[in-house]
Amino acid sequence: MPASALPKVTADEIERMVSLYSGRRVEFGNFAKRVESDLLDNAELRPLIHSSKKREKDPAHLRDKLIRKATEAKERGKRFTITQTNLFKRVGDLAGVRLLHIHTDQLAAIHPIMLKILAFYEYKLRERPLVYIWDLERKAFLAELGLNVKIRPTMYTSVHYVVEWADFGCEIQVRTLAEELWGEVSHTINYPHETDSIACTQQLAVLARVASGCTRLVDSIFASMGEHKARQEDAG
């Protein structure tokens, strides 16, 4: 639904919120840099991370997000409750950091280290860390880490931490390199508006399965390497 289909008072409020954020966009970019630095400066976490990204939200994407949320509220007969006063509290991804790692088992070490770092720098978690998955075979492993597991039929896969400091919020995503491949292709095709191409939708579903298979193969390679090293140590 375009902004013109919303009540004028809502559309005007959305524009004021976008303007408010735009005036502080540089601050959110600096906050993303700080969060990334605090994480990667840690000697325990750094060897587990292959690469990282950071960004502040594009104002046009914020506008699309607010319009989408206002539209959903209207369709459900509910009041749209995001305002200039609570914008920075209610929208947690105005700053963003993404950490990429190689194989799934690394998450068992990454997660507790992440929590320790966030506590040390006094970042407050806005919600329990959660992970979006579609591959149910990973559910038990992720739940055992203390993550809130949510199933996403869209085949999106990523761990999310939403942290805040003062009135700044930052979304930290953690995923494997294979999951990042699918995420980047899907984001290009479906964001901020989902494609209506049936072929692209079907191909993205295939790519999600290929990416999952790739992650499993990498997991198996590292498990085999660990087994091999253990046998060598026993023999030596």
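The values are calculated or read from the model by the stated rules, or taken from the named source; none is laboratory data. Since this is a predicted model, take the numbers as computed values, not measurements. Note that each Cβ is placed from the backbone with ideal geometry, even for glycine, and that neighbours are counted across all protein chains shown.
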| query | Is it the case that residue 188 is of a type outside the set (A, V, I, L, M, F, W, C) and either in contact with a Pro (Cβ under 8 Å, 6 or more places away or on another chain) or surrounded by 14 or more Cβ atoms within 10 Å (Cβ to Cβ) (or both)? | reply | no
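Residue-wise test of (1) touching a Leu at 6+ places or on another chain (Cβ under 8 Å); (2) modelled with pLDDT of 95 or more; (3) within 17 Å of residue 94 (Cα to Cα).
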residue: 5; (1), (2), (3): no, no, no
residue: 14; (1), (2), (3): yes, yes, yes
residue: 19; (1), (2), (3): no, yes, yes
residue: 30; (1), (2), (3): no, yes, yes
residue: 58; (1), (2), (3): no, yes, yes
residue: 75; (1), (2), (3): no, no, no
| remark: Of the residues in the range 95-136, those that are in a strand (DSSP E or B) and closer than 28 Å to residue 21 by Cα come to 95, 96, 97, 98, 99, 100, 124, 125, 130, 131, 132
| note | If we ask which residues in the range 42-62 are surrounded by 13 or more Cβ atoms within 10 Å (Cβ to Cβ) and polar (S, T, N, Q), their number turns out to be 2
| query | Within the set of pairs 6 or more residues apart or between chains, which connect a residue that is without any contact (Cβ under 8 Å) to a residue 40 or more places away in the chain inside the range 80-95 to a residue that is among the aliphatic types (A, V, I, L, M) and outside any loop (DSSP other than H, G, I, E, B) with Cβ atoms less than 8 Å apart? | reply | 81/73
| Of 218, 159, which residue is at pLDDT 90 or above, surrounded by 13 or more Cβ atoms within 10 Å (Cβ to Cβ), in a helix (DSSP H, G or I) and β-branched (Val, Ile, Thr)? | 218
| Residue that is in a helix (DSSP H, G or I) and surrounded by 15 or more Cβ atoms within 10 Å (Cβ to Cβ), where the choices are 169, 92, 183 | 183
| remark: Screening 73, 119 for residues that are of a type outside the set (Asp, Glu), more than 20 Å from residue 223 (Cβ to Cβ) and buried (at least 16 other Cβ atoms within 10 Å of the Cβ) leaves only 73
